[in-house]
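Everything below concerns the one structure shown next.
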């Protein structure tokens, strides 16, 4: 046989080599089980440092963020002003815009933080919009008039009188016929023009548009600092904010005191990247300048079916704008507080009593729906959620839905605005939508968390099997060779004693 023809020394070398290989394979399998080198690889790939893969993703996020604007058109303006009917609205939209996000003025700091200024730009997507925003004309509340009069409600009688006379002087009407573009991005308003000329420290713009004011706030030169090395900071997650404009609190809410949780953005997340290895059941806090306040979100459920790997879905707290929630008491700058489900954001918007809520007053005081017609809250259409891949902390999809309202107080001193007294007036609502992860993030997650772990597990098993099989084969070679040698030696001994010899009779 071919095995018998192999020299003995080669068989011994082969068994010794197999034994060494077995030890190497076994050790490799053990090391893979103990140290998991894939975790080290993932940590390096997702580390935000100059010119890294993760840094480029963060600097210019590849997400396709769509902003859908739904505007509340007034259907019975005359009858409402005459006191014959309650105000009735109908929703018009969506008008869809693509949002581009990029981070500038980036600085890696020695204390383990990253400072930057975020910028945003939007562009109309005509094919997804319900109409042409430059041509579609709606009947809409005169926000400058209502806002200015509402902002003066606590001023002296003479200031109120002056504002009232000024509104008469410029012939300000309660409702305006405006195109969607004008309403969102700016139109000439006599009241705003006069205010910007005579009160430039209060009104620093000459044209008024709702989205324009929100974008201006988002694009202000706000220096944010986010944490890259959480081990240097106590109780704060990776990639969360440590400071915004040099403070862990928003200066707009500084009047409530820095010991309050209201306006605290330290620990909140500004972009679409969250810390890796999120624990199941955790809660997070989001922040965007246009929101004017941090927004808490809570873990809702885990899913493994849709994407083929584990995801966490987070939803907005139903009571995040509830007035009876102690965490919200400090947002009430005066009592009685705004009604349940409506949150004050006036400190960020020139003191004009603008508020946020969920669309169509979802999860808000039911009386709000009784006072204004045409609203129909639907959790499927109006809820707020985000889906995150917990191992990487990357966002997969999101629906951020918030409504902007004007909280009109008792303005009996002004006959033009008197019909709006004590109304929370819906203006429009936005949906910031991410319908799925970009291709580069799909590939990264699939490679790092599906393919490579499978490959690593296969190698663990293969190395373990080879680590067991190689010494067994080496032992077989050794013992089979030893057995052959003993057999050969025994045969020689027998032959030496004359047994088996052929005896001649001749």
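The values are calculated or read from the model by the stated rules, or taken from the named source; none is laboratory data. What you are looking at is a predicted structure, and each value in this text was computed from that prediction instead of being measured. As a convention, Cβ positions derive from the backbone with ideal geometry for all residues, glycine included, and neighbour counts pool all protein chains shown.
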* For region 325-346, does any single residue satisfy the condition of being at pLDDT 95 or above and either outside any loop (DSSP other than H, G, I, E, B) or within 25 Å of the chain's Cα centre (by Cα) (or both)? -> no
* Asked: Of everything in region 43-54 that's part of a loop (DSSP other than H, G, I, E, B), surrounded by fewer than 19 Cβ atoms within 10 Å (Cβ to Cβ) and at pLDDT 90 or above, which residue is nearest to the chain's Cα centre (by Cα)?
  -> 47
* Asked: Could you give every pair whose Cβ atoms fall below 7 Å, whose first residue belongs to region 384-406 and is in contact (Cβ under 8 Å) with a residue 60 or more places away in the chain and on the phi > 0 side of the Ramachandran plot, and whose second residue is part of a strand (DSSP E or B) and surrounded by fewer than 23 Cβ atoms within 10 Å (Cβ to Cβ), counting only separations of at least 6 or pairs across chains?
  -> 393/273
* Structure fact -> If we keep only residues of region 252-304 that are touching a strand residue (DSSP E or B) at 6+ places or on another chain (Cβ under 7 Å) and at pLDDT below 85, then the residue farthest from residue 216 (Cα to Cα) is 258
* Quick one: which residue in 214, 236 is touching a helix residue (DSSP H, G or I) at 6+ places or on another chain (Cβ under 7 Å) and farther than 17 Å from residue 101 by Cα? => 236
* Candidate set from region 103-123 (those that are surrounded by 13 or more Cβ atoms within 10 Å (Cβ to Cβ) and out of contact with any helix residue (DSSP H, G or I) (no Cβ under 9 Å at 6 or more places or on another chain)); member that is nearest to residue 187 (Cα to Cα) -> 117
* Could you please let me know if residue 427 is touching a strand residue (DSSP E or B) at 6+ places or on another chain (Cβ under 8 Å), surrounded by fewer than 20 Cβ atoms within 10 Å (Cβ to Cβ) and under 27 Å from residue 84 (Cα atoms)? => yes
* Structure fact -> Picked from region 55-98 (must be touching a residue at least 40 places away in the same chain (Cβ under 8 Å) and assigned to a helix (DSSP H, G or I)), the residue surrounded by the fewest Cβ atoms within 10 Å (Cβ to Cβ) is 59
* Pair list, Cβ < 7 Å and 6+ apart or interchain, from region 408-431 residues that are touching a residue at least 40 places away in the same chain (Cβ under 8 Å) and on the phi > 0 side of the Ramachandran plot to residues that are part of a loop (DSSP other than H, G, I, E, B) and surrounded by fewer than 20 Cβ atoms within 10 Å (Cβ to Cβ) -> none
* Asked: In region 392-412, which residue that is crowded, with 16+ Cβ neighbours inside 10 Å and not in a strand (DSSP E or B) is farthest from the chain's Cα centre (by Cα)?
  -> 411
* Structure fact -> Scanning region 357-383 for residues that are free of Cβ contacts under 8 Å to residues at least 60 places away in the same chain, part of a helix (DSSP H, G or I) and surrounded by 17 or more Cβ atoms within 10 Å (Cβ to Cβ) gives 368, 382
* Asked: Looking only at region 335-345, which residues are within 24 Å of residue 249 (Cβ to Cβ) and without any contact (Cβ under 8 Å) to a residue 24 or more places away in the chain?
  -> 335, 337
* Structure fact -> So, first residue closer than 24 Å to residue 143 by Cβ in region 211-234, second residue at pLDDT below 85 and assigned to a loop (DSSP other than H, G, I, E, B), Cβ within less than 9 Å, six or more apart or across chains; the pairs are 212/205; 213/205; 213/350; 216/205
* Asked: Restricting the search to region 430-443, which residues are crowded, with 17+ Cβ neighbours inside 10 Å and either part of a loop (DSSP other than H, G, I, E, B) or in contact with a helix residue (DSSP H, G or I) (Cβ under 9 Å, 6 or more places away or on another chain) (or both)?
  -> 430, 431, 437, 441
* Name the pairs whose Cβ atoms lie under 6 Å apart, with the first residue in region 186-197 and at positive phi and modelled with pLDDT of 75 or more, the second in a strand (DSSP E or B) and surrounded by fewer than 17 Cβ atoms within 10 Å (Cβ to Cβ), and 6 or more positions between them or separate chains? -> 186/207
* **Every residue from region 305-324 that is at pLDDT 90 or above and outside any strand (DSSP E or B)** => 305, 306, 307, 308, 309, 310
